[in-house]
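Worksheet: the structure to be examined is printed underneath.
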Amino acid sequence: MTLAELYALIPAVDCIPGCTDCCGVIPLPLREERAAFGNVPLSNFNGTPFSAYQHCPNADEGCKIHDKRPFMCRLFGTVSRDHPRAVGQAAGMCCPHGRQPKKPLSPERAKQLTIWYFELAKKERH
Ligand code: SF4
Ligand code: SF4
């Protein structure tokens, strides 16, 4: 699977225009995403590069790189708030304003997409 194919599996959230309330530190394990994100200092957590800013430098009345935003930005808000297992980490992926896609992901599906994402990063490292 390519990164573009993975992105295509993530449904769009009906966001509040200009909102960046969920924007912050995100993982950037793939070169392509780091290039799109811009030249920012990175921190490292368990071998995974993360943007080092609590306030994302691309957040400015919305996302300045919306079409090229990284995987985790796309995934946030897509997990169903109504799913019986939308707890723990999955609940942390729900929009604080109650927004979600018309067809939200189950926590299990979001986890699967995340596994595929980190597999892509692993392939890139080898
Ligand atoms: S998911 Fe929610 S918090 Fe994040 S940008 Fe959209 S409306 Fe704002
Ligand atoms: S890249 Fe865009 S969507 Fe992702 S955290 Fe930054 S401003 Fe938000």
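Read-outs: derived from the displayed coordinates by stated rules, not from any lab. Here the structure is a predicted model, which means the values were calculated and not measured. FYI the Cβ positions are ideal-geometry reconstructions off the backbone, even for glycines, and counts take in every protein chain you see.
Where a Cα-Cα gap under 18 Å defines reach, which aspartates and glutamates qualify for residue 111, not counting those fewer than 8 residues away within the same chain? Result set, ordered by chain and number: 5, 82, 119. Listed values for the range 57-69 are Karplus-derived 3J(HN,Hα) couplings in whole Hz (6.51 cos²θ - 1.76 cosθ + 1.60, θ = phi - 60°), namely x, 8, 8, 7, 6, x, 8, 5, 10, 3, 5, 10, 5, and x replaces Gly and Pro. Compactness check for the chain: Cα Rg over 2.2 N^0.38 Å is 1.02. I want to make sure I understand the PRE zone here: with the label point 7 angstrom from the Cα of residue 39 toward its beta carbon, which residues in the range 53-79 have backbone N atoms less than 19 Å away? Hits in the range 53-79 for residue 39 at 19 Å: 53, 57-59, 65. Around the amide H of residue 40, modelled in the peptide plane, lies no amide H under 5 Å away from a residue 5 or more places distant or on another chain. In percent, rounded to a whole number, the relative contact order of the range 1-66 is 37, using alpha-carbon pairs under 8 Å and six or more apart.
Taking label positions 7 Å along the Cα-Cβ direction at both residue 52 and residue 8, the computed distance is 3.7 nm, reported to one decimal. Contact order normalised by length for the chain, with contacts defined as Cα pairs under 8 Å and 6 or more residues apart; what percent is it? Relative contact order of the chain: 31 percent. Over the residues of the chain, the helix contribution to mean residue ellipticity at 222 nm works out to -9000 deg cm²/dmol, using -39500 (n - 2.57) for each DSSP H run of at least 4. Charge dipole (Cα centre; +1 on Lys/Arg Cβ, -1 on Asp/Glu Cβ; no other charges) of the chain amounts to roughly 280 debye. Here's the picture: charge each Lys and Arg Cβ at +1 and each Asp and Glu Cβ at -1 in the chain, and of 110, 29, 41 the one pushed furthest to the positive end of that dipole is 110.
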